[in-house]
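Written below as structure tokens is the structure these notes are about.
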Amino acid sequence: MRRAFLAITGLAASTTALVVLKGSPGTSQAAQEPPAGTPVGSEAAGAPPSGTDAPAAAPTAAATSSPWPTRGATRSPAARPTSRAPAPRTTTARPPQQPTTTRRVTGPIVENEYGNVQVQIVLNGDRIVEALTLELPSGPGETERHSDDVRRAYNGTSGEVVRRQGADLDTVSGATETSDSYRRSLRAAIERA
């Protein structure tokens, strides 16, 4: 509130001072310019034109009450506006952010009676964003079908590994050995990461 009052008061005083210093609307431009041969700045400071004995005009109250300095004007210490210094800004320093890097970590090959299982995870920072099987049991009949069930349940960007962000996975029905081997390879990959 105080700043707004000072700003409005200063604006009004500055405008008044500008009008007074520029002269009234009837004054011509030629009358405001110094005569040829007059040192620059002598009339602006209130000195009489050279060669005349006319006294300098006293500055008006509006010209001296402006809180902002004008060219060639001086203010007394009492005329200076009082304001409080702005409070220092405090900021909470953030730790520098490290660029996120995508990396792949591969678990070991885990053997079971149906074949080998090997898992690879893709990490973005510390977060698992994808899980892949590099090796699953394959063969005729149900072995291939159970491997496909494990792949669908655990792998991908929206599989159970990404949703749970760990190796605590539900066992795929009918594929207990393959599910256990998958979890062991996955745990080892997470530990390596």
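No lab work stands behind these numbers, since they all come straight from the coordinates. None of the values given here were measured: they were computed from a predicted structure. Neighbour counts are summed over all protein chains in view; Cβ atoms, including those assigned to glycine, are modelled from backbone coordinates with ideal geometry.
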Original post:
What's the exposure ranking of Y114, Y154, going from fewest to most Cβ atoms within 10 Å?
Top reply: Y114, Y154
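Determine the gain in length on full extension of the stretch T157-T106; use 0.36 nm per residue of separation and subtract their C-alpha separation, reporting nm with one decimal. Can you show the working numbers first?
Numbers: separation 51, 0.36 × 51 = 18.36 nm, distance 1.62 nm.
Taking 0.36 nm per residue and subtracting the Cα distance, the gain is 16.7 nm.
Order the peptides 164-170, 116-122 from the highest to the lowest mean number of other Cβ atoms within 10 Å of their residues.
Working: 164-170: 14.1, 116-122: 21.6.
Packing proxy ranking, top to bottom: 116-122, 164-170.
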Subject >> Cα-only Debye scattering, segment 102-192: base-10 log of I(q)/I(0) at q = 0.21, 0.26 Å⁻¹ >> reply: -0.91, -1.37
